[in-house]
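Student: I have a structure here, written as structure tokens, and I will follow up with some questions on it.
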2 protein chains.
Amino acid sequence: MKIVSHICKRIFKHTFMTKITVAKGDGIGPEIMDATLKVILAAGAQIDIEEIEVGEKVYLAGNTAGIAPEAWDIIRRNKVFLKAPITTPQGGGYKSLNVTTRKFLGLYANIRPCTSLHPYVQTKHPKMDVVIIRENEEDLYAGIEHQQTDEVVQCLKLISRPGCEKIVRYAFEYAKQYQRKKVTCFTKDNIMKQTDGLFHQVFDEIAKEYPEIENEHWIIDIGAAKLADTPEAFDVIVMPNLYGDVLSDVAAQIAGSVGLAGSANIGETCAMFEAIHGSAPRRAGQDMANPSGLLQGAILMLNHIGQSDVAEKVQNAWLTTMEEGIHTYDIYKEGVSKQKVGTAAFADAVIANLGKKPSYFQAVSYSADGALNLPKYVRKASATKELVGVDLFVHWNGYQADELAEKVQALNDPQASLSMITNRGIKVWPEGFEETFCTDHWRCRFKPTDGHSITKQNIVSLLQKAEELGIDVIKTENLYTFDGRQGYSLGQGQ
Amino acid sequence: MKIVSHICKRIFKHTFMTKITVAKGDGIGPEIMDATLKVILAAGAQIDIEEIEVGEKVYLAGNTAGIAPEAWDIIRRNKVFLKAPITTPQGGGYKSLNVTTRKFLGLYANIRPCTSLHPYVQTKHPKMDVVIIRENEEDLYAGIEHQQTDEVVQCLKLISRPGCEKIVRYAFEYAKQYQRKKVTCFTKDNIMKQTDGLFHQVFDEIAKEYPEIENEHWIIDIGAAKLADTPEAFDVIVMPNLYGDVLSDVAAQIAGSVGLAGSANIGETCAMFEAIHGSAPRRAGQDMANPSGLLQGAILMLNHIGQSDVAEKVQNAWLTTMEEGIHTYDIYKEGVSKQKVGTAAFADAVIANLGKKPSYFQAVSYSADGALNLPKYVRKASATKELVGVDLFVHWNGYQADELAEKVQALNDPQASLSMITNRGIKVWPEGFEETFCTDHWRCRFKPTDGHSITKQNIVSLLQKAEELGIDVIKTENLYTFDGRQGYSLGQGQ
């Protein structure tokens with residue numbers, strides 16, 4: 001069946017048009033979108049364009065999401081979305097359309113190829129050719145924040161097994177499809193043993209399924225230092241969301257210019273493609289902007305929808321144009337560049353090169369296989385979960401942990417008793433240090449009293465009693481084991 | 001009084017010895033410590049050394065913290081600690097002594113100067129002279145992690161007002177003391193509006209007290225890209241813990257070598273000084289290692305204990321030695337270096353240069369004022385805190401948010417009712433999207449029913465009822481306002 005569908009796709013792909021949603025965006029958006037579409041259509045892209053309006057005008061018309069419900073419907077129906085940069089107005093509770101789109105459509109993978117074009121575009125890293133694959137939905141970007149004491153604010157970092165599996169598998173499938181040799185994983189699992197530990201563990205599990213691809217893990221701090229100094233040491237790098245956000249910008253910048261990079265945001269059903277730069281309102285309407293970033297996004301899109309031959313043709317023509325020294329103002333350099341052109345003239349130069357292959361750079365050759373078809377995530381069987389304690393977080397204005405311990409021990413009952421107090425994770429009771437600085441945010445860990453077990457009912461009773469005794473519990477975290485494995489960290493110094 | 005004490009310090013500082021704790025560490029530790037101490041003593045450091053044993057031997061003797069209680073007593077008594085790198089054995093629950101020391105002693109500020117020594121040490125960034133000041137105690141490094149569903153693991157990011165005030169004030173005081181012109185702040189407060197928002201807000205507040213020092217804020221991703229590409233754009237940069245961990249390694253690496261950088265860890269009463277590199281066991285005992293990193297740590301220490309004249313003498317002799325091309329193997333380069341030396345010979349070369357000033361590099365001139373004396377943090381008055389809801393986090397294996405909403409709405413009572421469900425921060429009820437990928441970790445937000453207010457007693461009742469109905473609540477987060485200002489984030493898409 002797969003083979004038949006593959007043959008059908010090969011035969012019919014140029015007779016059936018793929019419907020895509022296009023948003024021309026704000027600032028330089030319309031110019032670079034026109035240039036991009038002109039190039040890919042000239043190269044033979046079989047696309048049927050449905051345009052929507054998103055961004056500044058929609059925001060300023062009072063829609064805080066920057067997108068009308070009808071536009072959502074179109075994006076969801078067409079499933080493939082090519083988006084120019086938009087301007088989010090300052091202040092006033094306007095929400096980033098990018099973040100919203102990624103999250104609502106479940107676009108879990110952000111792919112950003114960062115390749116230097118030395119000697120035609122200035123860079124300190126002539127041999128760089130790195131693809132950053134960033135988890136795009138979870139981590140601290142879940143945006144769940146709470147202030148519950150005068151002094152302390154909290155943000156939840158959430159890392160999930162499906163989130164890890166999906167992004168790590170995507171990275172290996174990407175490497176396979178694009179003949180990449182190595183996938184590197186960056187985490188900080190020496191500190192965050194459970195969250196980043198899970199990401200690293202899933203990486204190791206999935207890497208085993210791809211024995212033909214080299215794999216390695218770096219601690220993020222040392223890995224980031226190596227990437228910034230010697231990017232040629234890496235090939236494909238997969239990372240949790242926050243690290244990926246920071247390091248994909250680092251990688252694009254040191255490759256030469258954020259103006260040359262595009263990115264893909266891939267979900268199980270939908271996908272969005274874009275330039276990584278902003279809408280640059282000061283350059284708008286002057287036919288100056290470099291359309292290369294969005295064009296790179298469009299090439300990722302063409303590969304995604306199975307029009308890899310068109311993608312290949314466009315990329316080779318673009319590389320040829322770059323090495324001919326036909327450059328927009330942002331990368332134009334006396335002595336290296338040959339001709340300074342505007343947005344439209346740059347697009348025409350790329351079109352004139354369609355069918356040519358670069359002579360200095362290596363020509364690209366994309367597999368005819370097109371889109372990566374990843375299996376949908378299937379939920380695993382549940383582990384046996386056992387409640388083994390609870391952390392009660394208390395807002396208290398005192399300074400001496402011993403004094404707090406005395407108060408909180410009044411909650412002890414035959415089943416559960418206070419075993420530890422920490423402040424910002426450091427054990428302060430029993431046997432704390434004078435020098436430990438304490439905030440007003442105390443974590444009081446209750447564990448079963450020897451020989452007993454603890455139930456949800458005990459937690460309710462603890463909270464009830466705390467309320468009666470005026471102990472200000474502001475949050476709880478239950479402690480569990482999963483198939484006997486401990487699901488929580490110890491206190492520092494415990 | 002301050003002037004008198006200052007004069008006394010100037011007169012007597014060379015007659016009174018400062019007692020310091022020294023740990024020679026593991027691997028190359030003893031060699032580079034001997035070299036470092038020889039140099040600073042030759043330069044006239046008035047120190048009385050008390051040596052302790054920490055590290056590998058102590059770990060392997062069964063002490064999982066790598067330090068004996070008596071050694072803690074000495075560190076706490078002397079308050080100034082010069083530490084060579086140590087080896088933490090792999091596996092077996094051994095805890096990082098560095099992390100433990102920083103946290104227990106409340107060493108809230110990590111200071112890492114990163115200066116390139118072009119053309120004597122190879123770097124792509126010849127004009128770099130950046131000091132990274134990293135918050136050292138809180139953020140995700142509180143290490144508070146919980147797994148409470150099959151699929152999702154959580155780590156708490158804690159940011160506190162005292163933590164922010166202390167580190168930001170330290171950065172500005174440091175800039176003032178060392179005649180730095182600008183302090184830059186990096187956060188991701190466009191996403192983490194409350195936690196990183198607090199850091200940014202405190203930065204803005206404290207910057208106002210230092211009108212003579214320029215200040216600016218960058219979003220961490222763009223800031224990191226700029227730092228990696230154009231570090232000469234920055235002077236002093238202050239950051240929360242995780243960002244500082246990653247970017248201080250990036251900065252040290254791109255300056256030329258992590259082997260040349262030292263760092264200070266400063267608390268209200270104690271301080272620890274070290275090289276930033278590891279114990280390099282493979283190089284141990286060969287008289288090869290570069291002692292420069294630890295020597296830079298010792299220079300930070302001499303400034304800290306008020307022996308700035310000695311610090312200045314050592315630093316100028318070291319710079320002179322570097323530009324004479326007397327280099328250890330790690331930075332030796334044919335055509336640039338003049339003489340390849342071992343650890344001891346390098347120390348002797350620096351000693352021979354004591355009293356000289358560098359000719360190519362600018363000689364340093366440290367203020368005679370020595371240690372930064374920052375005020376202790378004083379707790380602010382409490383705000384009026386009002387309970388306005390609660391987030392109940394539910395472990396549920398289903399997929400349809402509407403189905404969960406129906407179950408959870410059974411908890412509604414006259415005071416509180418379900419207002420929203422999110423999954424990894426994205427609103428999935430009411431009016432969710434099919435495409436949103438859902439894990440088994442659901443946040444159910446209860447808000448007061450119209451016209452009512454909510455109390456702790458309502459939360460206890462909700463939990464009691466959830467337990468009776470078999471709804472698996474695994475954690476809670478109370479929602480508060482502080483002086484009327486909302487202390488929690490909305491759901492994405494809310």
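The values are calculated or read from the model by the stated rules, or taken from the named source; none is laboratory data. Everything quoted here is computed from the prediction, not taken from an experiment. For neighbour counting, all protein chains shown are included, and Cβ atoms are generated from backbone atoms with ideal geometry for every residue, glycine included. To get the accessible areas, we keep the full protein, side chains included, count just its heavy atoms, and leave off ligands, DNA and RNA. Shrake-Rupley method; radii C 1.70, N 1.55, O 1.52, S 1.80 Å.
Student: Could you pull the copy-to-copy label distances for A:Ala381, with points set 7 Å along Cα to Cβ, in nm to one decimal and sorted shortest first?
Tutor: For A:Ala381, the inter-copy label distances come out at 6.2 nm.
Student: Also: Could you grab the Rg to Rh ratio for the stretch A:58-118? Cα atoms only, Kirkwood for Rh.
Tutor: 1.05
Student: Just the number: Rg to Rh for the stretch A:175-307, Cα atoms, Kirkwood Rh, two decimals.
Tutor: 1.01
Student: Between A:Ala344 and B:Tyr210, what is the spin-label point distance in nm, taking each point 7 Å from the Cα along the Cα→C-beta axis?
Tutor: Computed distance between label sites A:Ala344 and B:Tyr210 equals 5.2 nm.
Student: Could you work out the per residue convex hull volume over the alpha carbons of the stretch B:195-238, in cubic angstrom?
Tutor: Taking the convex hull of the Cα positions in the stretch B:195-238, it is 67 Å³ per residue.
Student: Let me ask you something else. Are any of the pairs A:Lys124/A:Lys338; A:Lys57/B:Lys188; A:Lys447/A:Lys475; B:Lys193/B:Lys407; A:Lys465/B:Lys447 more than 28 Å apart by Cα-Cα distance, and if so, which?
Tutor: B:Lys193/B:Lys407
Student: Let me ask something else about it. Count charges around A:Leu300 for me, please; just the other residues with Cβ under 11 Å from its Cβ, Lys/Arg as +1, Asp/Glu as -1.
Tutor: Result for the neighbourhood of A:Leu300: 0.
Student: Under the rule of at least 5 residues apart or a separate chain, name every residue whose amide H is placed under 5 Å from the amide H of B:Gly25.
Tutor: Amide H to amide H, under 5 Å and 5 or more residues apart or across chains, B:Gly25 pairs with B:Val54, B:Ala84.
Student: Hey, could you grab the Kirkwood Rh for chain A? Inverse mean 1/r over distinct alpha carbon pairs, Å, one decimal.
Tutor: About 25.4 Å, per the Kirkwood formula over Cα pairs.
Student: Still on this structure, please answer the following. What FRET efficiency comes out for A:Ile74 versus A:Thr269 if R0 is 25 angstrom and r is the Cβ-Cβ distance? Round to the nearest 0.05.
Tutor: About 0.95, to the nearest 0.05.
Student: Need one number: nm distance between label points at B:Arg379 and A:Asp287, each 7 Å from Cα along Cα→Cβ, rounded to one decimal.
Tutor: 6.8 nm
Student: What total accessible area, in Å², is buried where chains B and A meet, using a 1.4 Å probe and rounding to the nearest 100?
Tutor: Interface area, both chains combined: 10300 Å², rounded to the nearest 100.
Student: Another question about this same structure. Using modelled amide H (1.01 Å from N, peptide plane; none on Pro or chain starts), what sits under 5 Å from the amide H of A:Cys114, excluding residues fewer than 5 places away?
Tutor: Amide H to amide H, under 5 Å and 5 or more residues apart or across chains, A:Cys114 pairs with A:Val130, A:Val131, A:Ile132.
Student: Would you be so kind as to list the residues of the stretch B:451-494 that have their accessible area lowered by at least 40 Å² in the full protein complex compared with their chain by itself (1.4 Å probe)?
Tutor: Residues shielded by partner chains are B:Lys456, B:Gln457, B:Val460, B:Leu463, B:Gln464, B:Glu467, B:Thr476, B:Glu477, B:Asn478, B:Phe482, B:Ser489, B:Gln492.
Student: Near A:Gly342, within a Cβ-to-Cβ distance under 13 Å, what is the net charge of the other residues, with Lys and Arg +1 and Asp and Glu -1?
Tutor: After counting each charged neighbour, the total is -3.
Student: With the other protein chains left in place, how much accessible area per residue, in square angstrom, belongs to the stretch A:118-220 at a 1.4 angstrom probe?
Tutor: With the other protein chains kept in place, the stretch A:118-220 gives 30 Å² per residue.
Student: Can you tell me the accessible area per residue over the stretch A:339-455, all protein chains present, probe 1.4 angstrom, in square angstrom?
Tutor: 47 Å²
Student: Considering all projection directions equally, how large on average is the shadow of the alpha-carbon convex hull of the stretch B:362-450, in square nanometres?
Tutor: 13.5 nm²
Student: Please report the antiparallel percentage of the DSSP beta bridges confined to chain B, to the nearest 5.
Tutor: 60 percent
Student: Each residue of the stretch B:382-399 in turn: what ³J(HN,Hα) in whole Hz from Karplus with 6.51, -1.76, 1.60 and θ = phi - 60°, glycine and Pro shown as x?
Tutor: Karplus-based 3J(HN,Hα) across the stretch B:382-399 equals 6, 7, 7, 9, 10, 6, 10, x, 8, 9, 9, 9, 10, 8, 8, 8, x, 10 Hz.
Student: Please report, to one decimal in angstroms, the Kirkwood hydrodynamic radius of the stretch A:85-135 built from all distinct Cα-Cα pairs.
Tutor: Taking every pair of different Cα atoms in the stretch A:85-135, averaging 1/r and inverting gives 13.9 Å.
Student: Looking only at Cα atoms, what is the convex hull volume of the stretch B:344-494 per residue, in Å³?
Tutor: Once divided by residue count, the hull of the stretch B:344-494 is 298 Å³.
Student: Return the whole-Å distance between the Cα centroid of the stretch B:159-212 and the Cα centroid of the stretch B:398-476.
Tutor: 38 Å
Student: Let me ask another. State, to one decimal in nm², a quarter of the convex hull surface area for the C-alpha atoms of the stretch B:410-452, i.e. the direction-averaged projected area.
Tutor: Convex hull of Cα atoms, orientation-averaged projection: 3.4 nm².
Student: Cα convex hull of the stretch A:204-279: mean projected area in nm², to one decimal?
Tutor: Its average projected convex-hull area is 6.6 nm².
Student: So, one more: Below 8 Å between Cα atoms, with a sequence gap of 6+, how large is the relative contact order for the stretch B:197-287 in percent?
Tutor: Reported as a whole number, the value is 15 percent.
Student: Can you give me the distance in nm between label points at B:Val336 and B:Asp413, each placed 7 Å from the Cα along the Cα-to-Cβ direction?
Tutor: Going by the 7 Å Cα→Cβ label model, 7.1 nm.
Student: Further question on the same structure: What residues qualify as long-range amide H neighbours of A:Thr328, i.e. H under 5 Å apart, gap of 5 or more or another chain, H built at 1.01 Å from N?
Tutor: Under 5 Å from the amide H of A:Thr328: A:Val341.
Student: Expressed as a whole percentage, what fraction of the accessible surface of chain B belongs to carbon and sulfur atoms when a 1.4 Å probe is rolled over the protein heavy atoms?
Tutor: That fraction is 51 percent.
Student: In whole Hz, with x marking every Gly and Pro, tabulate ³J(HN,Hα) for the stretch A:262-276 from phi via Karplus 6.51 cos²θ - 1.76 cosθ + 1.60, θ = phi - 60°.
Tutor: x, 8, 10, 10, 10, x, 5, 10, 10, 8, 10, 10, 7, 7, 8
Student: Show me, bin by bin at 20 Å from 0, the whole-percent P(r) of the protein assembly as shown based on Cα pairs.
Tutor: Computed distribution, short to long bins: 13, 42, 35, 10, 0.
Student: Starting from a label point 7 Å past Cα on the Cβ side, list the distances from B:Glu51 to the same position in the other copies, nm, shortest first.
Tutor: Shortest to longest, the spacings are 7.8 nm.
Student: Ignoring everything but the protein chains, give the 1.4 Å probe accessible area of A:His304 in square angstrom, nearest 10.
Tutor: Its heavy atoms expose roughly 50 Å² to the probe.
Student: State, to one decimal in nm and shortest first, how far the label point of A:Asp204 sits from each corresponding label point in the other identical copies (label point: 7 angstrom along Cα-to-Cβ).
Tutor: 4.5
Student: Quantify how much of the Cα-Cα distance distribution of the stretch B:125-237 extends past 20 Å, in percent.
Tutor: Value for the stretch B:125-237 (Cα pairs over 20 Å): 47 percent.
Student: Taking θ as phi - 60°, what are the ³J(HN,Hα) couplings along the stretch A:200-216 by the Karplus curve (6.51, -1.76, 1.60), each to the nearest whole Hz, with x for Gly and Pro?
Tutor: Each residue's phi maps through the Karplus curve to give 5, 4, 5, 4, 4, 4, 6, 4, 4, 6, 10, x, 7, 10, 5, 9, 7 Hz.
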